[in-house]
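Worksheet: the structure to be examined is printed underneath.
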Amino acid sequence: MIQFAIRDTGPGIEDKYLGKIFERYFKVPGTEQSGTGLGLAISKEFIEAQGGEISFANNPEKGAIVSFCLPIA
């Protein structure tokens with residue numbers, strides 16, 4: 001497997017929303033970011049279809065890390 005990780009330095013996501021971040025059309029309430037809420041849902045479906053896994057680590061004060069791993073061909 002090969003692993004990738006993407007980290008941001010934003011405000012993070014409140015714990016009460018963590019169970020929804022991979023759902024289609026979900027956007028954290030109160031955020032001003034544009035978008036459809038499809039990015040993480042589509043990424044999860046694609047990565048899992050390739051035999052990989054995606055995960056989310058959160059620190060509400062220091063940002064978040066989305067990581068995924070894929071099988072090496």
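Read-outs: derived from the displayed coordinates by stated rules, not from any lab. Because the structure is a prediction, the values reported are computed rather than measured.
Helix-derived [θ] at 222 nm for the chain: sum -39500 (n - 2.57) over DSSP H runs of at least 4, divide by residue count, nearest 500?
-4500 deg cm²/dmol
Could you give the angle, 0 to 90 degrees to the nearest 10, between helix 39-49's Cα long axis and the longest principal axis of the Cα atoms of the chain?
Helix 39-49 sits at roughly 20 degrees to that axis.
In a solvent-free Debye calculation with one equal scatterer on each Cα, what is log10 I(q)/I(0) for segment 2-70 at q = 0.28 Å⁻¹, listed in the order of the q values?
Here the Debye-derived log intensity ratios amount to -1.39.
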